[in-house]
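All remarks here apply to the structure that follows.
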Amino acid sequence: MLGLKLPTDPRWVNIAEKDLQEILTDHAWCEQKAATSGITFIVRYPDKEDVVTEMNALVAEEWGHFRKVLKELEKRSLKLGRQRKDLYVVQLHQLIEKGGSREKQLVEHLLVNALIEARSCERFRLLSLHLKDEYFKEFYHEFMLSEAGHYRMFLDLAKNQMPSHHVQTRWQFFLDEEAKIMARMELRGDRIH
């Protein structure tokens, strides 16, 4: 369904499970960054009604997710901790083709966001299936469903902006390059990506 070319190493869940505070901290910051990203789309493309409508809903949902993860940290007397640089996202952003029309730039950014949501969905699915803690299995199942919806929304918005052959060509490029990024990245259990 997600089209990802390289699945996450199954050992990732075991590593993540060893220090749930770290994964919760990174997860919280991922949700905050997702909300901020939605706001950025609204600021850059206020004339695109479909983008503004979808991003308005996304921002509200992602901020709610941030608050939900923060609550889990607080319930366990854990601190949010410092934001970390997301090297995965940084590398994806380096793939964005510069120049061209506003619509082309919008599509590039929508596709990168679709990939981030797809990878998050895949990781949340793994957590929902393989964590030993039943509470967190359900917790991450809800996030998995939400991320799947966001992934589809970003792809659908991209398809509304430019001809489908352009969007499909760029999407395949991003999928191929994302697999290469994942293959090079260190397997870390303290990161969602």
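The values are calculated or read from the model by the stated rules, or taken from the named source; none is laboratory data. Bear in mind the structure is a predicted one, so any value in this text is a computation, not a measurement. All Cβ positions, even for glycine, are placed from backbone atoms using ideal geometry, and neighbour counts span all protein chains on display.
Can you find a residue that is among the polar types (S, T, N, Q) and within 14 Å of the chain's Cα centre (by Cα) anywhere in the range 23-33?
Among the residues of the range 23-33, at least one is among the polar types (S, T, N, Q) and within 14 Å of the chain's Cα centre (by Cα), which makes the answer yes.
Just to be sure I understand, how many residues within the range 44-72 are among the β-branched types (Val, Ile, Thr), within 21 Å of Asp86 (Cβ to Cβ) and free of Cβ contacts under 8 Å to residues at least 40 places away in the same chain?
1
Which members of the range 3-48 meet the condition of being under 25 Å from His130 (Cβ atoms), modelled with pLDDT of 95 or more and small (Gly, Ala, Ser)?
Ala28, Ala34
Between residues in the range 161-189 that are within 24 Å of Asp19 (Cβ to Cβ) and residues that are among the aromatic types (Phe, Trp, Tyr) and assigned to a loop (DSSP other than H, G, I, E, B), which pairs lie under 6 Å by C-beta distance while being six or more apart or on different chains?
Partner pairs satisfying both residue conditions: none exist.
Against the definition (at pLDDT 95 or above, touching a helix residue (DSSP H, G or I) at 6+ places or on another chain (Cβ under 8 Å) and farther than 19 Å from Glu22 by Cβ), how does Val59 come out, yes or no?
Taking the combined requirement at face value, the residue satisfies it.
Asp86: among the acidic types (Asp, Glu) and at pLDDT below 95, yes or no?
The answer is yes for Asp86.
If a residue has to be of a type in the set (Asp, Glu) and within 10 Å of Ser120 (Cα to Cα) to count, how many in the range 134-151 make the cut?
Looking only at that region, the number is 1.
Which residue is surrounded by the fewest Cβ atoms within 10 Å (Cβ to Cβ), if the candidates are limited to the range 1-21 and must be aliphatic (A, V, I, L, M) and under 18 Å from Phe136 (Cβ atoms)?
If we take residues in the range 1-21 being aliphatic (A, V, I, L, M) and under 18 Å from Phe136 (Cβ atoms), then Ile15 is surrounded by the fewest Cβ atoms within 10 Å (Cβ to Cβ).
Quick grid of which residues meet (1) out of contact with any Pro (no Cβ under 8 Å at 6 or more places or on another chain); (2) in contact (Cβ under 8 Å) with a residue 12 or more places away in the chain; (3) under 27 Å from Val52 (Cα atoms):
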| site | (1), (2), (3) |
| --- | --- |
| Glu74 | yes, no, no |
| Asp86 | yes, yes, yes |
| Val90 | yes, no, yes |
| Lys104 | yes, yes, yes |
| Leu126 | no, yes, no |
| Tyr135 | yes, no, no |
| Tyr140 | yes, yes, no |
